[in-house]
Amino acid sequence: MSAGSGLQSVDFEIFGHVQGLFYTEKEGLRLGLVGWVKNTASGTVVGQVQGPAAMVEEMKFWLSKEGSPSSRITRAQFTNQKPIDKLEFSGFKTRF
């Protein structure tokens, strides 16, 4: 994808009873996004999502309101949202 195609990148951190990184990976792939997700030692989930702006916004909604079936999300924080010229990842991966 080239510049002008409306690509966005955003970092996220999700707070609450969050688990099931597989579901985040699956949702990212379903929306045609790339990026990564991982659990933190403090019990949150962090990651980065990149792709078409509209799909990034859908993923932000899913991360903040839905999440995995067993999640109870109390807060979602999104930072460093910016336009990008090209995708920096291929696929959507869980990091350990």
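The values are calculated or read from the model by the stated rules, or taken from the named source; none is laboratory data. Given the structure is predicted, the values throughout are model-derived calculations rather than measurements. Quick reminder, even Gly has a Cβ in these numbers, built from the backbone with ideal geometry, and neighbours come from all protein chains shown. Please note that ligands, DNA and RNA were not included when accessible areas were found on the heavy atoms of the full protein model with its side chains. Shrake-Rupley method; radii C 1.70, N 1.55, O 1.52, S 1.80 Å.
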- Task: For the stretch 61-71, enumerate the residues that are surrounded by 10 or more Cβ atoms within 10 Å (Cβ to Cβ) and either aliphatic (A, V, I, L, M) or in contact (Cβ under 8 Å) with a residue 40 or more places away in the chain (or both).
- Result: LEU63, SER64, GLY67, SER68, SER70, SER71
- Regarding PHE78, is this residue in contact with a helix residue (DSSP H, G or I) (Cβ under 8 Å, 6 or more places away or on another chain), open to solvent by 40 Å² or more (accessible area, probe 1.4 Å) and at pLDDT 95 or above? yes
- Task: Could you run through the stretch 5-56 and say how many residues are assigned to a strand (DSSP E or B), surrounded by fewer than 16 Cβ atoms within 10 Å (Cβ to Cβ) and of a type in the set (A, V, I, L, M, F, W, C)?
- Result: 1
- Residue check, GLY51 closer than 14 Å to SER71 by Cα and either without any contact (Cβ under 8 Å) to a residue 12 or more places away in the chain or of a type outside the set (A, V, I, L, M) (or both): no
